[in-house]
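Notes follow once the structure below has been shown.
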Ligand code: IDP
Ligand code: MG
């Protein structure tokens, strides 16, 4: 196994609820190094572009509305097996199915408002990191 990078978003629900600090602490406790971090707010075209893979899904317009409703925190993370490891910290998409001790089990309201995004594969991690960070920004 080798050191890998992944991309994460603390979504508008969690930022608004003041949960970003606790979520960051959970990520760091799981051994991740934060190599890029900033707050931003997605425009509608940015949210549509970021979630383009889901554009035919019935939940797409609701998802775009949710992701643009307020500030988010975008992060570049580094660890051994980072992509899979972050998905474990996050828990299942639907918090009803998320394991104890995961971010979504602790904080998520429902399958849409689920607090955190994490890349689903090393290739998407690369694309998503480039979407939000320039190489010069990352430590
Ligand atoms: P993931 O975030 O666990 O990778 P995806 O299937 O990639 O889950 O879906 C992207 C995001 O779209 C989810 O995190 C959630 O916010 C939203 N979403 C996924 N499935 C549903 C659904 O069935 N209803 C409403 N929103 C959904
Ligand atoms: Mg996904």
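Just so you know, all these numbers are worked out from the coordinates, no wet-lab data involved. On a predicted model such as this, the values are computed, not experimentally measured, just so you know. As a convention, Cβ positions derive from the backbone with ideal geometry for all residues, glycine included, and neighbour counts pool all protein chains shown.
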Practice item. Could you line up 84, 11 from fewest to most neighbouring Cβ atoms inside 10 Å? Key: 84, 11
Practice item. Kindly put 119, 2 in sequence by how many other C-beta atoms sit within 10 Å of each C-beta, fewest to most. Key: 2, 119
Check your understanding: What FRET efficiency do you get for residue 112 and residue 28 if R0 is 35 Å and r is their Cβ-Cβ distance, rounded to the nearest 0.05?
Key -> 0.85
Study note, to complete from the structure: Once both label points are put 7 Å beyond Cα along the C-beta direction, the residue 69-residue 136 separation in nm becomes 3.7
Exercise for review: For each of 1, 39, 90, count neighbouring Cβ atoms within 10 Å of the residue's Cβ, then give the residues from fewest to most.
Suggested key: 1, 39, 90
Review point. Let a ≥ b ≥ c be the square roots of the eigenvalues of the Cα gyration tensor of segment 11-139; is it rounded (a/c under 1.5), or, if not, prolate (a/b larger than b/c) or oblate?
Key: rounded
Exercise for review: Assuming R0 = 41 Å, can you tell me the calculated FRET efficiency for the pair residue 2 and residue 61, based on Cβ-Cβ distance, to the nearest 0.05?
Suggested key: 0.55
